[in-house]
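Student: Got a structure for you, questions after.
The values are calculated or read from the model by the stated rules, or taken from the named source; none is laboratory data. Here the structure is a predicted model, which is why all the values come from computation and not from measurement. Neighbour counts are summed over all protein chains in view; Cβ atoms, including those assigned to glycine, are modelled from backbone coordinates with ideal geometry. Protein only, heavy atoms only, side chains kept; ligands, DNA and RNA dropped before computing areas. Shrake-Rupley method; radii C 1.70, N 1.55, O 1.52, S 1.80 Å.
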Amino acid sequence: MPTPISRRTVLAASGGLAAAAAVGATTLSTAAAADPASANGYVDVQLVNITDLHGYLQPPADTDGGIITGAGGVKLQVGGVGYLATHLKRIQQGHANSILCSSGDNFSGWPYYVDAQNNEPTIEVLNALGLRFSSVGNHELDKSTDFLLHHMQDGHRYPYDEPFVDFVDSTGRRFHGADWKYYTGNVVHRDGNRLVAPAYNIEYVDAGHGRRIPIGFIHLTVEGCVEGPGFNCSYQPTLATTDLIAAANRSAAALKRKGVHALIVVMHEGGVAGSDYNSGTNPTGPAFDLAAVADPDIAAIVTGHWHCRFNMMVPGPDGVPRPVTEAGCYGQLITEVGLKLDPTTGRFVRELTTATNHPVTRDVPTDPQVQDIVDYWSAAADRLSATPIARQTGDLVRTPNPDGESTFGNFVADFIVWDAAQDGPRATAEFGFLPVLPPKGRSALTTDLPYAKGSGEDGVISYGAAWKSYGFDSPIVTVTMTGDAFHRGLEQQWQTQPDGTVKYAPVAVSRQVGYVYDVTKPVGQRVDPATVTIDGQPLDLARGYRVATNAYTVLAYDGYPAFTEYTDAVRHSLDHEGFVRYLRLRKVVSPPELGRATAANAHHAPAYTPPKRPGPHARPEPPGVRGPR
């Protein structure tokens with residue numbers, strides 16, 4: 001029988017630690033957790049958690065998450081799944097009931113070597129690490145639920161990108177998917193409100209003498225991630241999210257009806273609590289809001305999404321603290337939660353819980369099996385990058401002509417219309433557009449595609465060059481937009497700044513569009529709507545047009561307010577994936593004509609310099625939002 005713990009002693013200890021948790025750090029839920037005798041008779045359960053790997057299989061650069069801060073401001077160099085595997089084995093060694101899980105955003109990675117290979121390398125690595133299950137992160141919805149569940153999870157072929165439907169893994173076999181499952185309790189189909197994946201899973205631990213005790217894992221995904229504003233890549237007009245706290249309590253009640261009373265939340269939503277990776281100060285964020293009120297039988301809450309690092313004990317609604325942790329991102333940390341399970345009641349003894357964030361330092365040998373997988377996929381990415389997919393007859397560059405147009409801008413605007421047409425009549429766009437140099441955010445045109453390569457490969461467009469020239473995994477969408485909204489968006493290419501100067505933010509339009517502008521007129525009156533034509537016909541300001549562009553633009557990232565006025569969105573390809581497909585199927589491409597936008601007189605649009613290539617984060621993050629990714 002478990003050694004009894006004085007309820008009075010526990011409450012006194014938890015009260016003191018609850019106060020400390022609000023301002024500082026502790027890895028003990030109560031003082032009793034530090035007493036080995038208190039654990040006698042209980043079943044040890046070790047929960048091990050990682051989050052937001054994002055396909056960072058190689059160690060991240062110091063400037064890109066490779067350095068974290070510990071107590072006293074000590075800096076540590078961390079990351080790389082070869083090192084992660086070694087640390088995991090050491091942490092899990094000797095624990096019969098060790099469960100490794102993820103809080104989501106495992107894939108949809110920024111690194112080219114995983115992103116360009118369907119993110120399949122990440123799944124093979126996680127299989128090798130022994131991952132048991134994962135919550136659905138917002139970036140795991142970057143393509144579709146079909147891609148997530150049928151290809152990445154179950155290993156079915158992904159026929160959309162023939163011949164790049166799937167890749168050969170490090171064993172020489174076709175990609176077979178995850179050896180584990182995804183879960184979420186609050187992402188639903190708008191049609192019927194059905195969950196896209198199961199809300200929870202049940203794992204069994206060995207209690208000795210042939211007895212197995214169930215543990216219920218409740219899974220949650222950040223609210224709003226598929227609805228639009230604040231998110232971009234995971235925008236899915238056919239999906240919705242529901243309230244986190246209600247979903248957590250709903251799953252808790254369902255599990256308890258099944259006789260499962262030991263509960264843990266694994267959520268792709270988090271918060272911020274200071275800079276020390278293994279403590280916490282001034283906690284704020286949705287994870288802490290949930291921790292304060294969610295079902296008291298939930299013994300631990302492991303989080304993600306914010307790319308933050310903290311380890312805190314937070315009182316639940318019954319006053320007993322429970323750990324709320326986040327393990328950063330890119331393989332920086334491993335969270336270890338030590339739990340005691342009462343074999344009589346089937347509940348966790350929350351007063352005996354401990355939690356630690358372990359840094360994935362690089363002062364250990366890499367695990368040879370996992371590192372071999374990483375090296376295999378890195379080499380495969382290099383070969384893929386050099387693969388020719390099309391030929392070009394001239395330069396596709398971002399350098400503008402005097403009227404502000406560029407061959408590459410116009411080329412991509414035409415591609416966007418083509419991509420929309422691949423999804424049927426409802427998706428077919430009448431025209432398209434693309435911000436070339438938006439007032440805020442990042443340009444999707446990242447590098448040029450010049451004809452001359454300087455290596456005997458003039459005119460050849462390789463997979464890698466195409467992938468890296470345009471896009472940051474923003475989906476292309478077709479929306480209904482009025483002629484008036486489109487016209488006002490064209491006017492917003494010129495925006496008056498606080499200092500009185502006018503900023504020029506050019507927009508490329510597809511071949512169906514023509515207009516004349518006059519920069520001698522006041523801002524907001526430079527494009528006479530009578531000069532705007534669509535397929536040679538005057539623009540009808542009152543009519544709704546089906547228009548294709550990047551979701552990034554209509555979701556208010558770019559800084560053109562008029563372009564956010566839309567209805568009836570239909571989602572298509574992720575930008576650079578669709579672009580590679582377009583080039584491969586066209587085989588030979590030529591620079592498009594210029595002259596879609598023309599100056600009314602000798603006063604042209606101001607010259608601009610194409611933006612420099614962005615850094616390692618290919619996807620822009622929500623503007624004005626602290627932390628979440």
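Student: Restrict the check to the range 536-552 and report whether at least one residue is touching a helix residue (DSSP H, G or I) at 6+ places or on another chain (Cβ under 6 Å), outside any strand (DSSP E or B) and not hydrophobic (A, V, I, L, M, F, W, C).
Tutor: Yes.
Residue by residue, here is whether (1) open to solvent by 30 Å² or more (accessible area, probe 1.4 Å); (2) more than 18 Å from Asp105 (Cα to Cα); (3) touching a helix residue (DSSP H, G or I) at 6+ places or on another chain (Cβ under 7 Å); (4) in a helix (DSSP H, G or I) holds:
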{"residue": "Asp206", "(1), (2), (3), (4)": "yes, yes, no, no"}
{"residue": "Phe217", "(1), (2), (3), (4)": "no, no, no, no"}
{"residue": "Glu223", "(1), (2), (3), (4)": "yes, no, yes, no"}
{"residue": "Gln236", "(1), (2), (3), (4)": "no, no, yes, no"}
{"residue": "Leu255", "(1), (2), (3), (4)": "no, yes, no, yes"}
{"residue": "Gly259", "(1), (2), (3), (4)": "yes, yes, no, no"}
{"residue": "Ser275", "(1), (2), (3), (4)": "yes, yes, no, no"}
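Student: Can you tell me which of (1) in contact with a Ser or Thr (Cβ under 6 Å, 6 or more places away or on another chain); (2) open to solvent by less than 40 Å² (accessible area, probe 1.4 Å); (3) part of a loop (DSSP other than H, G, I, E, B) is the one Met267 doesn't meet?
Tutor: It fails just one condition, (3).
Student: What pairs can you find where one residue is in the range 211-235 and within 12 Å of Val265 (Cβ to Cβ) and without any contact (Cβ under 8 Å) to a residue 60 or more places away in the chain, the other is open to solvent by less than 30 Å² (accessible area, probe 1.4 Å) and assigned to a loop (DSSP other than H, G, I, E, B), and their Cβ atoms are less than 9 Å apart, with a gap of 6+ or different chains?
Tutor: If the second residue must be open to solvent by less than 30 Å² (accessible area, probe 1.4 Å) and assigned to a loop (DSSP other than H, G, I, E, B), the pairs left are Gly216/Val260; Gly216/Ala262.
Student: Right, another one. Among the candidates Thr63, Thr3, which residue alone is out of contact with any Leu (no Cβ under 7 Å at 6 or more places or on another chain), modelled with pLDDT of 85 or more, of a type outside the set (A, V, I, L, M) and open to solvent by 20 Å² or more (accessible area, probe 1.4 Å)?
Tutor: Answer to the selection: Thr63.
Student: Of all residues in the range 581-602, which are open to solvent by 10 Å² or more (accessible area, probe 1.4 Å), among the β-branched types (Val, Ile, Thr) and within 30 Å of Asp115 (Cβ to Cβ)?
Tutor: The one that is open to solvent by 10 Å² or more (accessible area, probe 1.4 Å), among the β-branched types (Val, Ile, Thr) and within 30 Å of Asp115 (Cβ to Cβ): Val588.
Student: If Val324 passes every condition in (1) β-branched (Val, Ile, Thr); (2) within 12 Å of Val266 (Cα to Cα); (3) not in a strand (DSSP E or B) but one, which one does it miss?
Tutor: The failed condition is (3).
Student: Please count how many residues of the range 164-204 are of a type in the set (Phe, Trp, Tyr), open to solvent by less than 20 Å² (accessible area, probe 1.4 Å) and outside any loop (DSSP other than H, G, I, E, B).
Tutor: Selection size over the range 164-204: 1.
Student: What number of residues in the range 488-536 are basic (Lys, Arg), more than 20 Å from Val547 (Cβ to Cβ) and open to solvent by 70 Å² or more (accessible area, probe 1.4 Å)?
Tutor: The total comes to 2.
Student: Residues that are touching a strand residue (DSSP E or B) at 6+ places or on another chain (Cβ under 7 Å), at pLDDT 80 or above, assigned to a loop (DSSP other than H, G, I, E, B) and within 21 Å of Phe348 (Cβ to Cβ): does the range 13-29 have at least one?
Tutor: Within the range 13-29, none of the residues are touching a strand residue (DSSP E or B) at 6+ places or on another chain (Cβ under 7 Å), at pLDDT 80 or above, assigned to a loop (DSSP other than H, G, I, E, B) and within 21 Å of Phe348 (Cβ to Cβ).
Student: I would also like to ask the following. Pairs needed: first member in the range 167-184, more than 22 Å from Tyr113 (Cα to Cα); second member anywhere, surrounded by 21 or more Cβ atoms within 10 Å (Cβ to Cβ) and acidic (Asp, Glu); C-beta distance under 9 Å; at least 6 residues apart or different chains.
Tutor: Filtered contacts from the range 167-184: Tyr182/Glu140.
Student: List pairs: first in the range 364-389 and touching a residue at least 40 places away in the same chain (Cβ under 8 Å) and over 21 Å from Ala465 (Cα atoms), second open to solvent by 50 Å² or more (accessible area, probe 1.4 Å) and in a loop (DSSP other than H, G, I, E, B), Cβ under 8 Å, 6+ apart or cross-chain?
Tutor: If the second residue must be open to solvent by 50 Å² or more (accessible area, probe 1.4 Å) and in a loop (DSSP other than H, G, I, E, B), the pairs left are Val374/Gln58.
Student: Name the one entry in Leu555, Leu574 that is more than 28 Å from Thr496 (Cβ to Cβ), open to solvent by less than 20 Å² (accessible area, probe 1.4 Å), at pLDDT below 95 and under 21 Å from the mean Cα position of the chain (by Cα).
Tutor: So the residue among Leu555, Leu574 that is more than 28 Å from Thr496 (Cβ to Cβ), open to solvent by less than 20 Å² (accessible area, probe 1.4 Å), at pLDDT below 95 and under 21 Å from the mean Cα position of the chain (by Cα) is Leu574.
Student: I'd like to know if the range 517-527 contains one or more residues that are part of a strand (DSSP E or B) and under 34 Å from the mean Cα position of the chain (by Cα).
Tutor: So far as the range 517-527 goes, no, none of its residues is part of a strand (DSSP E or B) and under 34 Å from the mean Cα position of the chain (by Cα).
Yes/no per residue for (1) among the hydroxyl-bearing types (Ser, Thr, Tyr); (2) in contact (Cβ under 8 Å) with a residue 40 or more places away in the chain; (3) closer than 13 Å to Leu129 by Cα; (4) part of a loop (DSSP other than H, G, I, E, B):
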{"position": "Val48", "(1), (2), (3), (4)": "no, yes, yes, no"}
{"position": "Gln58", "(1), (2), (3), (4)": "no, yes, no, yes"}
{"position": "Gln77", "(1), (2), (3), (4)": "no, yes, no, no"}
{"position": "Gly94", "(1), (2), (3), (4)": "no, no, no, yes"}
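Student: Filter the range 90-114 for residues that are of a type outside the set (Gly, Ala, Ser), within 30 Å of Tyr463 (Cα to Cα) and open to solvent by less than 20 Å² (accessible area, probe 1.4 Å); which is nearest to the chain's Cα centre (by Cα)?
Tutor: Across the range 90-114, the extreme among qualifying residues is Asp105.
Student: Continuing with this model, one more query. Looking only at residues in the range 558-571 that are crowded, with 24+ Cβ neighbours inside 10 Å and not in a helix (DSSP H, G or I), which one is modelled with the lowest pLDDT?
Tutor: My answer is Asp558.
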